[in-house]
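The structure under discussion appears below in the form of structure tokens.
Where a number appears in this text, it was derived from the coordinates with a stated rule and is not lab data. These numbers were taken from a predicted model, which means no experiment stands behind them. All Cβ positions, glycine included, derive from the backbone under ideal geometry; neighbour counts span all protein chains shown.
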Amino acid sequence: MSRDYHYYEPKNGHGLAHEPFNAIIAPRPIGWISTRSREGQVNLAPYSFFNAFNYTPPIIGFASVGYKDTVKNIEETGEFCWNLVSEPLMESMNQTSAKVDADTDEFGLSGLRKGRAKQIAVPFVADSPAIMECRKTQIVRLQDKEGQPCDSWMVFGEVVAVHLHPDTLQDGSYQTLAGQPVSRGGGPGDYFTISKADKRIMPRPD
């Protein structure tokens, strides 16, 4: 039996109890981004609008709703680290999402250890199973369909170094499940993890 879809136009509101947009496009990998300001102040914050965008060179990117310290630091120094949020780090990651002063070090706030990057001057989350050191390629302020600027900035960076915990590697291949990745859903605090039962193998057609 066919049913009428719930239809809405975002400009007129969705007519639901909660915004569905970020629950529909989910789960999403988390951009847990560490930066350092020009003066040396360290920042660590999670961004749920994040993904990979190019193979060669490898480019990742995230969107910041609002011009936050992370964007400012990357614009000033041209560097950042992406840190994989694994299941054991979920609570610590959540603590780094708190709204705090720019001079607050979220590593200390959440009890996280700092690792030393090899190619850039930004620390990473030492207990993360996968880290990417990045250099900025572009910062783009998003626009609406009328060409008006939005209060969102898209940050892209080329991956110049990668750190992988040995437990994530098997026979020369990175094992996604071994990293225990956490993804963001909708709502104020919906997160998802993965298990072996979730895996499907579907080769591309010839």
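For segment 18-190, the Cβ-based charge dipole about the Cα centre amounts to some 300 debye (Lys, Arg positive; Asp, Glu negative; other atoms uncharged). The stretch between Tyr5 and Glu76 holds 20.9 nm of extra length on full extension. This uses 0.36 nm per residue minus the Cα-Cα distance. By other beta-carbon atoms within 10 Å, ranking Val42, Val122 with the fewest at the front produces Val42, Val122. In sequence order, segment 29-43 has phi-based couplings of x, 9, x, 8, 10, 9, 9, 9, 6, 4, 7, x, 6, 8, 9 Hz under the Karplus curve 6.51 cos²θ - 1.76 cosθ + 1.60, θ = phi - 60°, and Gly or Pro positions carry x. Here the label points at Ser195 and Leu109, each 7 Å from Cα along the C-beta direction, are separated by 3.4 nm in the simple model.
Modelled label positions at Gln119 and Gln148, each set 7 Å beyond Cα in the direction of Cβ, lie 4.0 nm from each other. Residues Tyr7, Tyr191, ranked from the fewest to the most other C-beta atoms within 10 Å, line up as Tyr7, Tyr191.
Non-local lysine pairs in the chain, meaning eight or more places apart or on different chains, with alpha-carbon distances under 22 Å, amount to 10. Extension gain, Leu16-Asp206: 0.36 nm per intervening residue step, less the Cα-Cα distance, totals 64.1 nm.
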